[in-house]
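Below is one structure, written out as structure tokens, with a few remarks after it.
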Amino acid sequence: MTAAPDLKQEVRAFYDSIGWKEVGEGVYQNARYEDLRPVSREYIRRCHLRVGRYIPQRGRYLLDAGSGPIQYPEYLTYSAGYRYRVCLDISITALQEARSRISDHGLYVVGDVARPPFRREAFEAIVSLHTIHHLPANEQRRAFFQLLRTLRRGGRAAVVYSWGENALLTRVLQLPTRMASKTIRLYRRIRRRLQGEGAAEHAAGARESGTGPVSTFTHKHGYAWARRALADLPGFEIRVWRSVSTPFLRAFMHAPLLGRFWLRLLYALEERAPHLLGRIGQYPMILFARPAAAAEERLE
């Protein structure tokens, strides 16, 4: 089995050399794992904005644990009411890109999310987006409790995680998603041949369908693990961030098939049943909070 330091070096190398390589204005190589098509844009944007509801709206320091380059405009809103956004990331490239976006609003630290190099109770709020599942399986619980250590009394944290293929909804939709994706790829190949399109168009189609080289290491625990391993986090709660995967969106959500309408309906369902869809959907938002002084004393 690969040792944990080697896994982290793999993650660092991927994001320094490939993942955060800019392939267009504000668009990174890692964006191939997100659905950036116009039909999905409103839904993705609203999911991004969900995070901001569950953290304090203002303060001095907000920690962005695994900040990446802060690549989406909605991410900027989380720290709009803060003096500083502290960007912690294992990738120097990510931090350089983040600095180009927020300049003196940010403080930039190269470090490990499982061992954040900060004093106790340093931050009023913490966000961590799609980061902890890149840690070795046996370090993920530690990462949550280390983030709690750095949270001030009365502060709150929101961690966007992925159940991966452990998610019930993902398992149910896996076969139809694969079948629809294969049908789309077949249709595009036939269309290219009929239209005489060249290699450049073929490559563009591959990027659109999500094919290409694999990413770096991830380990995605399931809901049962979170309920067992994280139950001691004060204020522990699981809500939906987004219930469906990128392959599902690309396979089924298309403008001629009323994709925007179906995604608005899906978002409304997520709003009505955030705990259920956080449990069975693809991407949960794991919330916790450090109690205010009186509650903290009782907890200790």
Taking the Cα-to-Cβ direction at R178 and at R191 and moving 7 Å from each Cα, how far apart do the two end points lie in nm?
2.4 nm
So for each of 65-72, 50-57, 160-167 I average, over its residues, the number of other beta carbons within 10 Å; can you give me the resulting order with the highest mean first?
65-72, 160-167, 50-57
Nothing charged except the Cβ atoms of Lys and Arg (+1) and of Asp and Glu (-1): what's the magnitude of the dipole of the range 116-164 about its Cα centre? Round to the nearest 20 debye.
220 debye
Distant-in-sequence amide H partners of T150 (H built 1.01 Å from N, under 5 Å):
E121
Please list, ordered by chain and number, the residues whose modelled amide H lies under 5 Å from the amide H of H254; skip anything fewer than 5 residues away on the same chain.
G259
Take the alpha carbon gyration tensor of the range 62-175, find the square roots of its eigenvalues, order them as a ≥ b ≥ c, and report rounded if a/c is under 1.5; if not, report prolate when a/b exceeds b/c, else oblate.
prolate
GluC sites (Glu not before Pro) restricted to DSSP loop in the range 222-290 with at most 11 other C-beta within 10 Å:
none
Gained length - E271 relative to N166, 0.36 nm times residue gap less alpha-carbon distance
35.6 nm
So, taking all protein chains as they sit and a 1.4 Å probe, how much accessible area belongs to M179, in Å² rounded to tens?
110 Å²
What is the extension gain from F261 to R227, computed as 0.36 nm multiplied by their sequence separation minus the C-alpha to C-alpha distance, in nm to one decimal?
8.9 nm
Determine which residues of the range 53-67 fall in the zone a paramagnetic label at R83 would reach in this model, i.e. backbone nitrogen under 19 Å from the point 7 Å along Cα→Cβ.
56-64
For R242, other-chain or 5+-apart residues with amide H closer than 5 Å (H placed, Pro excluded) are Y283
How much length is gained on full extension from R115 to L49, taking 0.36 nm per residue of separation minus their Cα-Cα distance?
21.0 nm
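The values are calculated or read from the model by the stated rules, or taken from the named source; none is laboratory data. Note that the structure is predicted; figures quoted are calculated from it, not measured. All Cβ positions, glycine included, derive from the backbone under ideal geometry; neighbour counts span all protein chains shown. Ligands, DNA and RNA are stripped out before the accessible areas are found, and what is left, the full protein with its side chains, is counted by its heavy atoms. Shrake-Rupley method; radii C 1.70, N 1.55, O 1.52, S 1.80 Å.
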